[in-house]
Amino acid sequence: MSDYWDNRYQGTIEEHEEALRTSTTVYVGNLSYNVTEDQLYELFGRAGEVKRVIMGLDRFKKTPCGFCFVIYYTHSDAYNAIRFLHDTLLGGRPIRVDWDAGFKEGRQYGRGMHGGQVRDEYRDFYDPERGGFGRAFQSNGFNN
């Protein structure tokens, strides 16, 4: 049902699958660090009534780090977001939209070694919309 898996999910695979079948939450990835909450409400509101947008934040700097959670009032609106908004361009980037088993406090913080997303730690190319080079790449002498 979903390619996205939260490594810190506390439950069985069956419980996770059941949570996805009834979820009203979607995970959104590959966001530009410059995308705003207002832009997300605008875009995701096209799929249904949005209850809440939770921006993913660098756990040290408390700045956006390229992902968010969008919570809808209904499962069918969340389904519409995945069906119609996955791979949509937002801020010049194709976004990933997938099911999430449900937001829990603390999940809005990046889990990478430097506070952001793990996927951005090892990026070996320059991406100005996601902070330049990855942190691990920068530590080898490359700077933004």
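The values are calculated or read from the model by the stated rules, or taken from the named source; none is laboratory data. Predicted model only: the values in this text are computed from it and were never measured. FYI the Cβ positions are ideal-geometry reconstructions off the backbone, even for glycines, and counts take in every protein chain you see.
If I ask for residues that are more than 19 Å from residue 35 (Cβ to Cβ) and of a type in the set (Gly, Ala, Ser), which ones from the stretch 47-77 would you list?
48, 76
Out of the residues in the stretch 21-38 that are out of contact with any Gly (no Cβ under 7 Å at 6 or more places or on another chain) and hydroxyl-bearing (Ser, Thr, Tyr), which is nearest to residue 62 (Cα to Cα)?
Only one residue fits best here, namely 36.
Can you spot a residue in the stretch 76-85 that is at positive phi and at pLDDT 95 or above?
There is no residue in the stretch 76-85 that is at positive phi and at pLDDT 95 or above.
Residues checked against (1) without any contact (Cβ under 8 Å) to a residue 24 or more places away in the chain; (2) more than 18 Å from residue 106 (Cα to Cα):
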residue	(1), (2)
18	yes, yes
28	no, no
31	no, yes
43	no, yes
59	no, no
71	no, no
